[in-house]
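The values are calculated or read from the model by the stated rules, or taken from the named source; none is laboratory data. Just so it is clear, the model here is predicted, and its values are computed rather than measured. With ideal geometry, Cβ positions are generated from the backbone for all residues, glycine too; neighbour counts draw on all protein chains shown.
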Amino acid sequence: MLAPWTGGTGTRHASAVLTIDLEAISRNYRLLAERVGPGVTCAGVVKADAYGLGADRVAPALYRAGCRTFFVAHLDEGLDLQTHLARDVTIYVLNGLPSGSERDCAEAGIIPVLNSREQLEAWSDQARQRGRILPAVIQVDSGMSRLGMSPREVAELSGKDTSVLDIQMVMSHLACADTPEHPANAHQLAAFQALAKRFPAARQSLANSSGIFLGRNYHHDLVRPGAALYGLNPHPAQSNPMLPVVRLTAQVLQMREVAAGAHVGYGWSFRATKPTRLATLAIGYADGLQRAFGNGGAVYFRGRRLAVAGRVSMDSLTVDLGDLPPGMLARGSQVEIIGGHQSLDALAAAAGTIGYEMLTSLGQRYERIYSDEIDVRWTARSGGTVR
């Protein structure tokens, strides 16, 4: 069943369509939960509006699949998420709390991930003001040098009064989990386990999407998949075990034939070497299709590869129709950008970036269609064939 997107503005007459398969997200969640087993909690990371796909639709789908633990980046994301979920969920804020937001967080029952001594002291003060113990997560820096308390700060906690906090979990984040053979993985695992010993009553969490596939030693008590839920490959060097979630098509705006020697697009970066048929599509870098995708990227129509000709513009891109039979493509035809012939990861690679950036960059000008049922034409695993 397909349901039109009700959020956003200006998409009534959109010329590009983003289809989001909620059932595929649910199945990806269940696949990951089964991989870690019943003794490990599988959470869902829905920060950045569920990686750009709409947390108001994605989070309820994950809830129906059995997810009861969610991670967001900012408190406002958590407050909004609460309006779309039942009260039996737990929501954690990965970035901790900006100064002055502790009261709102406590009143909402959202749990902060405390990344510094200052955040811990502010949350402790809030607990004392309320006269009750408040739950918290401690993040330790196991080697990524991004967020979390340093080993020295963790050691200093032993001399501080944390009795007003219920430290439910200690966590860290892997920097190189998508490269299984990278020595950083074993280094961070050892560092995390050493730091976690200082919190013997707390649960432990280290693995992100890719970390789940490093093995059981990395699973601990809770795993935090994000990108894998949305179909990105957690193991780039291997075939993708996840179901694809998004399909993106763009409409043909105009077609033309140019003579040999004609130039295409800004900077005249493409030059036709022979008479060439071109089609201009209604999608550009304002829609999340990076400028680097020009002159080397490709789109697909009925299984045929159409190379991008020239640079990507803000609102459009032009493709070379090559040997596509005349009359097969017309003004108004929908051309595949992401789908059965080109995965999200493949599109990102062609643009010189990663799937995470591509996914979260997809703009708001698309018509968004949410599908609760798998469409067999394009949910074959990455690299599959559209039927």
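Miscellaneous remarks
- Annotation: residue 139 fulfils all but one of (1) surrounded by 22 or more Cβ atoms within 10 Å (Cβ to Cβ); (2) in contact with a Phe, Trp or Tyr (Cβ under 7 Å, 6 or more places away or on another chain); (3) closer than 22 Å to residue 209 by Cα; the unmet one is (2).
- Search result, residues across region 270-290 that are without any contact (Cβ under 8 Å) to a residue 40 or more places away in the chain and not in a loop (DSSP other than H, G, I, E, B): 271, 280, 285
- The single condition from (1) at pLDDT 95 or above; (2) of a type outside the set (Lys, Arg); (3) closer than 26 Å to residue 162 by Cβ that residue 53 fails is (3).
- The strands (runs of 3 or more DSSP E) falling completely within region 90-165 that include 3 or more residues that are modelled with pLDDT of 95 or more and farther than 19 Å from residue 197 by Cα map to 90-93.
- When region 293-333 is limited to residues that are more than 25 Å from the chain's Cα centre (by Cα) and under 23 Å from residue 245 (Cβ atoms), the one that is surrounded by the fewest Cβ atoms within 10 Å (Cβ to Cβ) turns out to be 303.
- Tally, over region 220-237, of residues that are under 19 Å from residue 40 (Cβ atoms) and in contact with a strand residue (DSSP E or B) (Cβ under 9 Å, 6 or more places away or on another chain): 9
- If you check 339, 284, 322, 294 for being in contact with a Leu (Cβ under 9 Å, 6 or more places away or on another chain), at pLDDT below 95 and either in the same structural domain as residue 252 (by TED's automatic domain parsing) or within 20 Å of residue 21 (Cβ to Cβ) (or both), only one passes: 294.
- Residue within region 35-44 that is of a type outside the set (Asp, Glu), at pLDDT 95 or above, buried (at least 21 other Cβ atoms within 10 Å of the Cβ) and part of a strand (DSSP E or B) present: yes
- When the residues of region 110-125 are filtered to those that are touching a strand residue (DSSP E or B) at 6+ places or on another chain (Cβ under 8 Å) and surrounded by fewer than 19 Cβ atoms within 10 Å (Cβ to Cβ), the one that is nearest to residue 46 (Cα to Cα) is 116.
- Filtered by the rule that a residue be without any contact (Cβ under 8 Å) to a residue 24 or more places away in the chain and either under 14 Å from residue 302 (Cβ atoms) or assigned to a strand (DSSP E or B) (or both), region 323-351 gives 323, 325, 327.
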